[in-house]
Amino acid sequence: MTEASAPILSCEDVSRHYGSLRAVDDVSMSVMPGEVLGIGGPNGAGKTTFFDVVTGITAPSGGRIIFDGHDVTGMGADQICHLGIARTFQLNAAFDHMSVEENIQVAAQFGRHGRRFPGFRLGRATRQATEEALEFVGLGDKRRMLARDLPVLDRKLLMIAGAMATRPRMVFLDEPVGGLNSDEIDHIQDLVRQMCGRGITIVLIEHVMRFLLTLSSRVLIMHHGQLIFEGPPEAVAENETVVETYLGKGVADRLKTHFGEAAHG
Ligand SMILES: Nc1ncnc2c1ncn2[C@@H]1O[C@H](COP(=O)(O)OP(=O)(O)OP(=O)(O)O)[C@@H](O)[C@H]1O
């Protein structure tokens, strides 16, 4: 019998309070290497705050976060990135006045194993990581465009390229397909699959349920800072609490039909 591998990420009783608001309220969860873990839940449920705490954007009010054997609780985003966690943001996060290529170079230069202080020259490793990330997302032809001039899909791709340029072991994607049309959603879905194929563990937040449930091997639903559901994607629409607090009956019925059709070929 083979031994089950250890989680790549474990969160124990993690919380983040803003005054009396428990934005994240004692969340315990773990992620296994190679998983795609999807997180859903109503607006204001605490999903992004949870990402912020794990990726070092904001410090937790309590709890412990272990990544790959390192206690990363309260570490800064730069240190956490150096250990191998990268992320994208719900709203576009880029240096708007810099080109696509320069944005990715920054990620490659300061990301995993990257330097902490600016240098005068970009090393070979930085240039190579930049080229690979540009090619991965298909933004090579737009490398000289300023980030601020990119349309919405390309801005999402730029954030993914930046994350990939840090050579991550784990990537957190915050609403990677929000605002995209159906073909664009398929494109991002394909990229996430390719990231998995490269051995990267994924945690993603998304309101677009088709995307979330198709990609995820396991789903968590948050509400009022707490986990109200954990299970396989096909069980989400069957859960009464999730249907009542988040999906509504119409969406749940459509999802059940979708999974029913998928199961029957
Ligand atoms: N910096 C902050 N200061 C005060 N309150 C905050 C701050 N950041 C988030 N909150 C509050 O914490 C709660 C959780 O917000 P969060 O953005 O994590 O929710 P979410 O589940 O990601 O929502 P959405 O799906 O709309 O993105 C909300 O009530 C929000 O107003």
**OP:** Search segment 24-41 for residues that are outside the structural domain of residue 197 (by TED's automatic domain parsing) and pair each with any residue that is in a strand (DSSP E or B) when their beta-carbon atoms are under 9 Å apart and the residues are at least 6 apart or on different chains.
**Re:** none
Original post:
Restricting attention to segment 22-51, which residues are near the ligand (Cβ under 6 Å from one of its atoms) and either surrounded by 15 or more Cβ atoms within 10 Å (Cβ to Cβ) or at negative phi (or both)?
Top reply: 23, 41, 43, 45, 46, 47, 48, 49
**OP:** Spot the failing condition for residue 60; the list is (1) under 22 Å from residue 211 (Cβ atoms); (2) in contact (Cβ under 8 Å) with a residue 12 or more places away in the chain, and only one is missed.
**Re:** (1)
Original post:
Since residue 16 meets every condition but one in (1) touching a residue at least 40 places away in the same chain (Cβ under 8 Å); (2) away from the ligand (no atom under 12 Å from the Cβ); (3) part of a strand (DSSP E or B), which condition does it not meet?
Top reply: (2)
**OP:** Sort out which residues of segment 219-265 are over 24 Å from the mean Cα position of the chain (by Cα) and among the hydroxyl-bearing types (Ser, Thr, Tyr), and write them in order of number.
**Re:** 241, 257
**OP:** May I ask you to say which residue of 242, 219 is β-branched (Val, Ile, Thr), in the same structural domain as residue 18 (by TED's automatic domain parsing) and surrounded by 19 or more Cβ atoms within 10 Å (Cβ to Cβ)?
**Re:** 219
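Yes/no matrix, rows are residues, columns are (1) hydroxyl-bearing (Ser, Thr, Tyr); (2) over 21 Å from residue 197 (Cα atoms):
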| residue | (1), (2) |
| --- | --- |
| 10 | yes, yes |
| 30 | yes, no |
| 45 | no, yes |
| 56 | no, yes |
Original post:
How about segment 168-190: which of its residues are surrounded by fewer than 20 Cβ atoms within 10 Å (Cβ to Cβ) and in contact (Cβ under 8 Å) with a residue 40 or more places away in the chain?
Top reply: 169, 178
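The values are calculated or read from the model by the stated rules, or taken from the named source; none is laboratory data. Computed from a predicted model, the values in this text were never measured in an experiment. Because the Cβ atoms are built from the backbone with ideal geometry, glycine has one as well, and the counts that use them run over all protein chains shown.
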